[in-house]
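**Q** My questions all concern the structure below.
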Amino acid sequence: MAASRKLTDYERLRLENIRRNQEKLAALNIQSRLSPAAKRPRVQNKSYKLSPEKKLKFESPIVLRRSLRTRGKPPDSSTSGGLKDDFDESKSENKLGPQFSLAKLRKEPVPLNMKDAFCGENYGPNQQLIETIKSLSRKEQLDENADQELIVCEQEKKRIPPCSIDIDSLRLEPENMARVVPGRILNVKFIPTAGMRMVVAGNKYGNIGFWNADAKEDEDGIYLYQPHSSPVSGILIDSFSQSKMFTSCYDGFIRLMDINKELFDSIYLSDYSIYALFQRPDNSNSLYYAEGGGYLGIWDLRAGKSSSSWKLHEDRINSIDFNMENSNTMATSSTDRTVCVWDMRNAGSHKPKPLRTIHHERAVHSAYFSRSGQHLASTSFDDKIGLSSGANYEDVSMIHHDNQTGRWLSSFRGIWGWDDSYIFIGNMKRGVDIISTHEKTIVKTLQSELVSAIQCRFDTHPYNVGMVAGATSGGQVYLWGTS
């Protein structure tokens, strides 16, 4: 081996410069900031699983109906000044994602067995979900009279009394996140039970995904179904039984998932798209659904037919909500730029007269009553959150909030917490803004390095105070909580 040569003056100077630079970097802690470990963690262990044989491709993709009324627009209308809808069937997003063939369900409302609708690799998890929900229903029946202070009225299911939270204590833990469905989530709901944290999400492909966040460590607790063949517009869990859940879709179907029958039964098939679904808090025998270009229908579950239908808005209705303290009061939001408050006691064969009409400058995507019913929060594409109060909601304040979600994200919808103090809504920086109704401004933003997508749709747990579910356009659900 050749003898080591002596370093030149240039090489000695170069090595000395390298040594000094390394000392400076160490003093500034630059190296740790550049380390791969400092990058945002990609924690996503929990995810839905698809059976390979159910990943079928259509030679000719199904095209959703595209008439003006089906798309929620009045005849010969414009798009109301370029207003954005959550899902435009005329654009490329109407291509269906991973699914098995349900084309025949678009023509006739046939029941669908849960086993056939299940998208997993084997049928074991399907039966596991059925048994889990059955056990929850049995437990609720045993406990329904355990605490009379939680009963709102004789016919309404018990719920937690109004209470506030320490918003500074809310955070996201790695185990409280999962990819529940493929693609954009349009609806997310907690199953109303104190015994388990279970979330239901509906996406643009017609999937319904269940996530049991309290599943065993060796289980993901995620169960994926496809009862619909177009975007899921509504998820409604029966007020008196967790074993029954109603879902609606843009293709005009309303289905009943009956756990006891292990069936996605067909309730109603409309000639027009259905955009929202709700149930009166004191009446489980009727479904209220938004149909076509501004119509509200009422479906009588006992009679098996529509009992009433009114045209309440000039454009599609995006949300329906009832006042929990006064079930005769209903609010609807619409793409026609208005929120209307209705007294259902004045609703007969003719169109009811609105108690109050609240105007926005662009499409209104949601309008929800607070827990006490004294406030109404509306979210509009005009970058405003409307806060209405007073005897007839005549006192209106507009709170600025960036609601420009663009084409590929679901529109933001502000929801209430567990009292009248706060409104929760997503932002374009992957955070969750908390708006104080007293200060009428954002008082805190929930943020986490674990969040990888923008949260657009939310729900609050009816029993677990401080737990908020945020859903994204990538199929993820994040559970923010105090512990």
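**Q** May I have the convex hull volume per residue, in Å³, for the Cα set of segment 162-215?
**A** Output value, Cα hull per residue: 122 Å³.
**Q** Let me ask something else about it. Looking only at segment 313-328, which residues have a backbone nitrogen under 19 Å from a spot 7 Å from the Cα of H359 in the C-beta direction?
**A** 313-316
**Q** So, one more: Which whole number in µm²/s is D for segment 344-476 by Stokes-Einstein, with the Kirkwood Rh taken over Cα pairs at 37 °C and 0.692 mPa s?
**A** My calculation gives 209 µm²/s for D.
**Q** Is the shape of segment 197-280 best called rounded, prolate or oblate, per the rule: a/c under 1.5 gives rounded, else a/b larger than b/c gives prolate, else oblate, with a ≥ b ≥ c the square roots of the Cα gyration tensor eigenvalues?
**A** Verdict is prolate for segment 197-280.
**Q** Working with all protein chains in place, sort I254, I165 by solvent-accessible area computed with a 1.4 Å probe, largest first.
**A** I165, I254
**Q** Now, a different point. Considering every pair of different Cα atoms, what Kirkwood radius, in Å, is found for segment 334-413?
**A** About 13.3 Å, per the Kirkwood formula over Cα pairs.
**Q** Based on alpha-carbon positions alone, could you give the equivalent ellipsoid semi-axes of segment 429-483 from the gyration tensor, as √(5λ), descending, whole Å?
**A** Equivalent ellipsoid of segment 429-483: 19, 15, 10 Å, largest first.
**Q** Determine, for segment 331-465, the count of lysine pairs separated by eight or more sequence positions (or lying on different chains) whose alpha-carbon distance falls under 24 Å.
**A** Close lysine pairs under the 24 Å cut-off: 5.
**Q** Please say if segment 219-261 is rounded, prolate or oblate, where rounded means a/c under 1.5 for a ≥ b ≥ c the square roots of the C-alpha gyration tensor eigenvalues, and otherwise the choice is prolate for a/b larger than b/c and oblate otherwise?
**A** Verdict is oblate for segment 219-261.
**Q** If you count only protein heavy atoms and use a 1.4 Å probe, how large is the accessible surface of R371, to the nearest 10 Å²?
**A** Taking all protein chains as shown, R371 has close to 30 Å².
**Q** Give me the percent of the accessible area of segment 179-246 that comes from carbon and sulfur atoms, probe 1.4 Å, all protein chains in place.
**A** 39
The values are calculated or read from the model by the stated rules, or taken from the named source; none is laboratory data. Computed from a prediction, not measured in an experiment: that's the story for all the values here. Glycine gets a Cβ as well: all are built from the backbone with ideal geometry, and neighbour counts include every protein chain shown. To get the accessible areas, we keep the full protein, side chains included, count just its heavy atoms, and leave off ligands, DNA and RNA. Shrake-Rupley method; radii C 1.70, N 1.55, O 1.52, S 1.80 Å.
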